[in-house]
There are 2 protein chains.
Amino acid sequence: MADPIRAVQAELDDLTEELFEFLRIPSVSARSEYAVETRAAAIWVRDHLKTAGLKASLVETDGHPVVLGEWRGAGPDAPTVLIYGHYDVQPAEPLELWTSPPFEPEIRDQRIYARGAADDKGQLYLHLKALEILLRTKGTLPVNVVVVAEGEEEIGSAHLLPFLERNRERLACDAIVISDSQMFSPETPSLLFSLRGLSYLEILVRGARSDLHSGAYGGAVPNPATVLARLLASLHDDRGRVAIEGFYDQVVEWDAATREGIRALPFDEEGYREEVGAAELSGEEGYSTLERLWIRPTCEINGLLSGYTEEGAKTVLPARAMAKVSFRLVPDQDPEEVAHLLRRHLQRLAPTSVVVDVHELHRGLPWRGAPEGPFFEAARSALARTFGSEPVLTGEGGSIPIVSDFERVLKAPAILLGFALPGANMHAPDEWFPLPHLELGIATLIRFYEELARTGD
Amino acid sequence: MADPIRAVQAELDDLTEELFEFLRIPSVSARSEYAVETRAAAIWVRDHLKTAGLKASLVETDGHPVVLGEWRGAGPDAPTVLIYGHYDVQPAEPLELWTSPPFEPEIRDQRIYARGAADDKGQLYLHLKALEILLRTKGTLPVNVVVVAEGEEEIGSAHLLPFLERNRERLACDAIVISDSQMFSPETPSLLFSLRGLSYLEILVRGARSDLHSGAYGGAVPNPATVLARLLASLHDDRGRVAIEGFYDQVVEWDAATREGIRALPFDEEGYREEVGAAELSGEEGYSTLERLWIRPTCEINGLLSGYTEEGAKTVLPARAMAKVSFRLVPDQDPEEVAHLLRRHLQRLAPTSVVVDVHELHRGLPWRGAPEGPFFEAARSALARTFGSEPVLTGEGGSIPIVSDFERVLKAPAILLGFALPGANMHAPDEWFPLPHLELGIATLIRFYEELARTGD
């Protein structure tokens, strides 16, 4: 029988072309005008699962469909691996900041540039191909496989949890494998030990009924932009900590070994600063940059809007001011509780001259993984064999809220091994995925199953 | 000879229609796409001055032209009155908040609704018609008259001061009369004793080179929106005072009589609150609403923009955050000095992790009038006769920066008598001018000249 790893190498041009086809579908779940395209991406995934040899179908939801694939050839006594990914992508705007169009994939400097190349179509594709090539070359897999690909990850996965709960039995598994994150560096593969959760809210401050002349009324009528600025300024103290009462109550302090492990990683602080292009890095006092990103919660302003924002001077006293504010959470913070704490904080501080409304837009639980067990070991070993270097344990500042839901509903551990690289511009213009990781990613996943076969012996 | 006041009453329908024609010209000086229309408004004014019997022409500048009208029939020994107004208007956006289109004047509830109805085309028109009707019915005026109508008042009058300086001799006058303000109330006419000055700046805070994922980078990379909020929050103290060092150093404390006069005015605080539609009024502690508006300086946020501001949640860590901030100034504050104080304040407080730039967009000196002299007395008497009530002395929160320039260059006092009413929505949607004041305004100005004739006797 053919060697699956050799098959990957031999088919690389075709694989690239096939991935490009997938990336060309503008499956922007947030925009209703892309509903047809988003569904087209789901169909694309379903058809590729079928071609690979899985039983596959679209499961309708009140939003975009879930693609469900199943291969039960290992028999009822063999373990089952559930693979989760998403076929939807972030909006590509602002388009003018892309070097090449977001939905016309292009290779430059050994990188595949396209919206979704890293997050997550490119990485979902690795799984599809690993399964296909293994089934084609070996005719079997050492475990049963369930694939769940959703189309609403970028808009909050509203229909995935109900789907999981409705299909609890059918989705029963021994591990959940997800590739939607990045490696520590090109030389150092990594496995995740944590994800931050999210509480995303919109604050609206209202003053007068309509915009007024800032000369005629300024000084006597409340300015909601000023009130908003004061409220937002109250969210941090001078040491970079979140200054909302009770915010840190549920934060688990990490053990010394984990913090030691993080500090031991070869992290180039100055290189990171240069990459982001800020004059200086900043954050919570007493923590390193990686700790600030991985194991500490944050409060960020994501958007601000009030009054006149175009060119030049307009002397307007705004009637309203809006801020989008999000918190990244760490175990065991709860987004619902954090939203409550924020509301209470604002209520206490807001002057009675204005009306302050807080709307919750999005939430997700933080996650902490257990770096152990046969599936974790198989992933570790597959990464080490493929990249020639032991994977390190890393955290991830972003959120994949569904990870906690998967573990809770299916009672199985999640293994997060990602193949994107730092600076991949997920959610930003010029998103990219390293071209060599197309081969190495598929090879890693093939070896993951090979390792499981060995464990099962 | 016909009675000019009767002529106004007889021609009222025609006057309304003619004013509508003027208001239909979208002379938005701030927008280059309206350059032709803005010029058309200048031509309209020039032609109406000619029809009235004045020598009139457009004087070109590097921006929109100044309309210059002259009537020298009173002879070299008679006094000269200079009338100033502007034919340009504020942008009408947001258009969707207008009940009727801004450039299609409409009468509802005895109000003329249109952009420019109050500020200032409607009030400039009163002067054109008073002159025309007097010259038509009486054949003469008791004083020489110079009319200066500019087209850049709403964008800072950049070319008016050079025009005044170049034409100092030709514009020599004994009083400058301006109608670009409002009466104290429908029952109570008023004359202005003060205008606030203006310092308008834009603050730009820059962090990372481009927008970043707020999960992947949040907590370790400076957030310019957070920095901006903290800087803006530092501009006021808890008593509503501007907290910039040195800001009040040049503020002239008003005499007890003036403050007493302001407090004695029949001002309906609750009615004012209801009109603006705020939950409560607010401002500097220790001052009444009218004092806050007329004799105290302010700092207002006019605009805020950063990151993602559309619907829903986007987890972006913004690269930049912008605020438009303006100060209303009182004698003897200097806008240049205030801009300097703000820069110093921000420099002191801004963290080194971000870059803060401050651009000055607009400035204007405050003004304090001397409520005395024959021209002031003529205006007072004309208002009292027309409205049946003695005018009160009021301040004005807004700025007409050119007033100080006029007084300084031409060495003559300015008389500010306005005919708009409180809540006129200058600079806002649904700007309006009271229909009855079309007649009463022209009648007042006719009586102003009649009073001057009597004084001259």
Q. Looking only at Cα atoms, what is the convex hull volume of segment A:272-405 per residue, in Å³?
A. 198
**Q.** Residue-by-residue Karplus 3J(HN,Hα) for segment A:248-256, coefficients 6.51, -1.76, 1.60, Hz, glycine and proline x
**A.** 8, 4, 9, 6, 7, 6, 7, 5, 4
Q: Just check segment B:370-440 against the gyration tensor rule for me: Cα atoms, a ≥ b ≥ c as the square roots of the eigenvalues, rounded for a/c under 1.5, and otherwise prolate or oblate depending on whether a/b exceeds b/c.
A: oblate
Q. Based on the alpha-carbon gyration tensor of segment A:117-183 and its eigenvalue square roots a ≥ b ≥ c, which shape applies: rounded if a/c is under 1.5, prolate if not and a/b is larger than b/c, or oblate?
A. oblate
Q) Given the pairs B:K55/B:K129; A:K138/A:K411; A:K121/B:K314, which span a C-alpha to C-alpha distance of over 24 angstrom in this model? A) A:K138/A:K411
Q) Between B:E377 and B:S57, what is the label-to-label distance in nm when each label sits 7 Å out along the Cα-to-Cβ direction? A) 3.7
Q. Quick one: Karplus J couplings for segment A:73-79, per residue in order, coefficients 6.51, -1.76, 1.60, θ = phi - 60°, nearest Hz, x for Gly and Pro?
A. x, 7, x, x, 8, 7, x
Q: Take A:H159, A:H437, B:H340 and order them by how many other Cβ atoms sit within 10 Å, fewest up front.
A: B:H340, A:H159, A:H437
Q.
Can you compute the helix-only [θ] at 222 nm over chain B? Use -39500 (n - 2.57) per DSSP H run of at least 4 residues, normalise by all residues, nearest 500 deg cm²/dmol.
A. -10500 deg cm²/dmol
Q. Any idea how far apart A:D332 and B:D77 come out in nm if each label point goes 7 Å out from Cα toward Cβ?
A. 10.0
**Q.** Sites matching trypsin sites (Lys or Arg not before Pro) across segment A:394-457 that sit in DSSP coil, with at most 13 neighbouring C-beta atoms within 10 Å
**A.** A:K411
**Q.** Alpha carbon convex hull of the protein assembly as shown, volume per residue in cubic angstrom
**A.** 166
**Q.** Simple label model, 7 Å out from Cα along Cβ direction - B:Q110 to B:E21, nm
**A.** 2.8
Q | ³J(HN,Hα) computed for each position of segment A:182-192 - Karplus, 6.51 cos²θ - 1.76 cosθ + 1.60, integer Hz, glycine/proline x | A | 10, 7, 5, 7, x, 8, 10, x, 8, 10, 7
Q: For segment A:27-108, just list the percent of Cα-Cα distances falling in each 5 Å bin from zero outward, please.
A: 3, 13, 18, 19, 15, 13, 9, 5, 3, 1, 0
(Q) Based on alpha-carbon centroids, what's the gap between segment A:84-163 and segment B:172-209 in Å, whole number please? (A) 58
Q: May I ask you to list the residues of segment B:430-445 whose amide nitrogen lies under 18 Å from a point 7 Å from Cα along the Cα→beta-carbon direction of B:S100?
A: B:430-439
Q. Where the Cα atoms of segment B:206-355 are projected onto their three principal axes, how long is each span, largest first, in whole Å?
A. 61, 35, 22
Q) Which shape class applies to segment B:1-60: rounded if a/c is under 1.5, otherwise prolate when a/b exceeds b/c and oblate if not, where a ≥ b ≥ c are the square roots of the Cα gyration tensor eigenvalues? A) oblate
Q. What's the exposure ranking of A:K324, A:K50, going from fewest to most Cβ atoms within 10 Å?
A. A:K50, A:K324
**Q.** Taking the convex hull of Cα positions in segment B:337-402, its mean projected area over all directions (nm²)
**A.** 7.0
Q: Work through the residues other than A:G240 whose Cβ is under 15 Å from its Cβ and net out their charges, Lys, Arg +1 and Asp, Glu -1.
A: -1
Q | Interchain or long-range residues, amide H under 5 Å from B:V221's placed H | A | A:S282
**Q.** Per-selection Kirkwood Rh - segment B:284-341 (Cα, Å, 1 d.p.)
**A.** 14.4
Q: Count charges around B:E202 for me, please; just the other residues with Cβ under 14 Å from its Cβ, Lys/Arg as +1, Asp/Glu as -1.
A: +1
Q) Helix A:12-23 sits at what angle to the longest principal axis of chain A, using alpha carbons and giving 0 to 90 degrees rounded to 10? A) 40
**Q.** Against the rule of thumb 2.2 N^0.38 Å, how large the Cα Rg of chain A comes out
**A.** 1.05
Q: Give, to the nearest whole percent, the P(r) tail of segment A:146-284 beyond 24 angstrom, counting all Cα pairs.
A: 64
Q | Cβ-defined net charge surrounding A:S399, 10 Å radius [Lys, Arg +1; Asp, Glu -1] | A | +2
Q: List, largest first, the extents of the alpha carbons of segment B:1-139 along their principal axes, each in whole Å.
A: 52, 41, 20
(Q) Using amide H atoms built in the peptide plane, which far-off residues or other-chain residues are under 5 Å from B:H362 H to H? (A) B:Y200
Q: Go ahead and collect, in residue order, the members of segment B:76-110 whose backbone nitrogen is under 20 Å from a label point 7 Å along the Cα-Cβ direction of B:E311.
A: B:95-97
Q. Arranged by the count of other C-beta atoms within 10 angstrom, fewest first, what order do A:F103, A:F448 take?
A. A:F103, A:F448
Q. For segment A:427-441 and segment B:1-25, what is the separation of their Cα centres, given in Å?
A. 72
Q: Report, in degrees rounded to the nearest 10, the 0 to 90 angle that the Cα long axis of helix B:121-138 makes with the longest principal axis of chain B.
A: 10
**Q.** Principal-axis tilt of helix A:335-349 within chain A, Cα atoms, nearest 10 degrees
**A.** 10
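FYI, it's all coordinate maths here, none of it is from the lab. Nothing here was measured: the structure is a model prediction, and the numbers come from that model. Note that each Cβ is placed from the backbone with ideal geometry, even for glycine, and that neighbours are counted across all protein chains shown.
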